[in-house]
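Presented below is the structure to which this report refers.
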Amino acid sequence: MDEKTFLDHSQQTLRQIETAVEQAMDDGADVDFEMQGGILEIECADGSKVIISPHVIAQEIWVAARSGGFHFRHDEARGWVDTRSGEPLFAHLASILKQQGQIHVNLA
């Protein structure tokens, strides 16, 4: 995948996550977020953060959370998948947000 395609795919994915977090906020979740410089920071009620950022050189989306760091590579058939476990980004991120911040997001 070329750099432009990667950036388009990753930014579209970050916008989907941002929309899901906004919906969770509308539903009463105690969470805040900020998109800055192409990096999405989600702050939980306890002050901890989940940071989601595209890494252009590796062509991966990286997620940093209390539970660890995770790398997701785009697969045409399956979307963004964890490079170690094969778990889809949206499922893994929903689990992280639920565990770390008791935030329920719909990332379908």
_Residues of region 60-108 satisfying the condition of being more than 24 Å from Asp8 (Cα to Cα) and part of a loop (DSSP other than H, G, I, E, B)_ = Arg66, Ser67, Ser85, Gln102, Ile103, His104
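Select from region 19-36 the residues that are touching a strand residue (DSSP E or B) at 6+ places or on another chain (Cβ under 7 Å) and not aromatic (Phe, Trp, Tyr) and write down the one among them that is surrounded by the fewest Cβ atoms within 10 Å (Cβ to Cβ). Reasoning before the result, please.
If we filter region 19-36 for residues that are touching a strand residue (DSSP E or B) at 6+ places or on another chain (Cβ under 7 Å), which is where we start, we get 21, 24-25, 31-34.
The next check asks that each one be not aromatic (Phe, Trp, Tyr); those that pass are 21, 24-25, 31-32, 34.
Numbers: Val21: 22, Ala24: 20, Met25: 15, Val31: 19, Asp32: 13, Glu34: 11.
The extreme case among them is Glu34.
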*Just for region 91-108: of the residues that are of a type in the set (A, V, I, L, M, F, W, C) and either without any contact (Cβ under 8 Å) to a residue 24 or more places away in the chain or in contact with a Gly (Cβ under 6 Å, 6 or more places away or on another chain) (or both), which one is surrounded by the fewest Cβ atoms within 10 Å (Cβ to Cβ)?*
Ala108
*For region 2-12, indicate whether the set of residues that are assigned to a loop (DSSP other than H, G, I, E, B) and out of contact with any helix residue (DSSP H, G or I) (no Cβ under 6 Å at 6 or more places or on another chain) is non-empty.*
yes
*With the checklist (1) under 23 Å from Leu7 (Cβ atoms); (2) surrounded by 13 or more Cβ atoms within 10 Å (Cβ to Cβ); (3) free of Cβ contacts under 8 Å to residues at least 40 places away in the same chain in hand, flag the one item Arg66 doesn't pass.*
(1)
_Matching residues in region 69-92 - criterion: being over 25 Å from Asp2 (Cα atoms) and aliphatic (A, V, I, L, M)_ = Ala91
*asked:* As an exercise: evaluate Phe6 against (1) surrounded by 17 or more Cβ atoms within 10 Å (Cβ to Cβ); (2) within 14 Å of the chain's Cα centre (by Cα) and give the number of the one condition it does not meet.
replied: (2)
_I need the full set of residues from region 32-52 which are in a strand (DSSP E or B) and within 16 Å of Gln99 (Cβ to Cβ), in order please._
Ile42, Glu43, Cys44, Lys49, Val50, Ile51, Ile52
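Of these, Phe33, Phe72, which one is of a type in the set (Phe, Trp, Tyr) and in contact with a Ser or Thr (Cβ under 9 Å, 6 or more places away or on another chain)? Spell out how you get there, then give the answer.
Details: Phe33 fails: in contact with a Ser or Thr (Cβ under 9 Å, 6 or more places away or on another chain).
Just a single option satisfies the conditions, and that option is Phe72.
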*Pairs with Cβ under 8 Å, 6+ apart, first in region 37-59 and at negative phi and loosely packed, with under 13 Cβ neighbours inside 10 Å, second outside any loop (DSSP other than H, G, I, E, B) and of a type in the set (Phe, Trp, Tyr)*: Val56/Phe6
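Since every read-out is calculated from the coordinates, none of them should be taken as a lab result. Everything quoted here is computed from the prediction, not taken from an experiment. Cβ: placed from backbone, ideal geometry, glycine included. Neighbour counts: every protein chain shown.
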